[in-house]
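What follows is a short report on a single structure.
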Amino acid sequence: MADSKLLVPELNETETMGAETARFQELLLQASKEIQQAQTNRPESTQIQPQPGFCIKTNSSQGKVFINICHSPSIPPPADMTEDELLQMLEEDQAAFRIPMSLGEAHAELDAKGQGCTAYDVAVNSDFYRRMQNSDFLRELVITIAREGLEDKYSLQLNPEWRILKNRPFLGSISQQNIRSKQRPRIQELGNLYTADSPRPEEGPEKPHLNIWLEAPDLLLAEIDLPKLDGAQGLSLEIGENHLVMGGSQQLYHLDAYIPLRIKSDESRAAFHRNRRQLMVAMPLLSAPS
């Protein structure tokens, strides 16, 4: 059941608050400042040398295209979950699962027949790559996301048909890539996740945007954008060990998000930030993520 005690007073109210609430407010405001600063500062970057994995062949209107799927330990892994958990998530929202990738720029190469072609290098985390090698499902998922990422980043239109080259882990040469040297937390943003019983936007309440990140090794913070609300009145919030459910009597919003970490639900707190129209949630963890 929803616990109204999770919701503390709005952050811009001036009435006296207890020590626990004041500490929570301090954490939320500090996190907000860090987010704003991160958005205005250019992130530092470092060069990595991806290691070869396998190469897929496809084409576009400009000719043959090869995608070198590479890996590097410097790239963070995606959230750790079983294939069954991942399948359930993807059935509800295909954009929910994020795989951190580094998408390299196009480089001109020659294929086996000496004809000109274009190659791209796409790198994922090395541990995740090794896991992917033993799973046809994960391998096809990575290829699909890599193709879509290249299409979005470079305004391409790739043929959906592709094949993996045999006995050729890469085409051409794999160049160094620049990535952020200070990676943001592994669970920076889970997107808007549905469970099987969650209503779709066309059926009722709107699904709000959820941004979630690790503020400290044992503290998870979240922001839920609620632009249609002026305050926390009528909001309900339920936090389980790995679930966050938010609703309201006005039926404007509903969110049911799976969080692949163990949360101390009885110590979690939330506050509505009136100026930003966001519900900010602090969730201590039962154990720090490895």
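The values are calculated or read from the model by the stated rules, or taken from the named source; none is laboratory data. Everything quoted here is computed from the prediction, not taken from an experiment. Cβ sites come from the backbone with ideal geometry, for glycine too, and all protein chains shown count toward neighbours. Ligands, DNA and RNA are stripped out before the accessible areas are found, and what is left, the full protein with its side chains, is counted by its heavy atoms. Shrake-Rupley method; radii C 1.70, N 1.55, O 1.52, S 1.80 Å.
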Give K228/K264; K113/K166; K57/K153 a once-over and call out the pairs whose C-alpha atoms are over 24 Å from each other. K228/K264
Using only protein heavy atoms and a 1.4 Å probe, report how much of R276 is accessible, in Å² to the nearest 10. 80 Å²
Percent of Cα-Cα pairs per 10 Å bin, from 0 to the last occupied bin, for the stretch 209-284, please list those. 19, 57, 23, 1
On a full-extension model of 0.36 nm per residue, what is the gain between N242 and R277, subtracting their alpha-carbon distance, rounded to one decimal in nm? 10.1 nm
Could you please state how large a percent of the accessible area of the stretch 209-284 is carbon and sulfur, counting protein chains only and using a 1.4 Å probe? 43 percent
For the stretch 46-180, take the convex hull of the Cα atoms, compute a quarter of its surface area, and give me that in nm², please. 8.2 nm²
Along the Cα→Cβ direction, 7 angstrom out, place labels at D218 and K264. What is the inter-label distance in nm? 0.6 nm
Tensor-based shape of the stretch 212-254 (alpha-carbon gyration tensor, a/c under 1.5 rounded, otherwise prolate or oblate): prolate
Charges only on Cβ, +1 for Lys and Arg, -1 for Asp and Glu: so what's the dipole of the stretch 209-284 about the Cα centre, in debye to the nearest 20? 260 debye
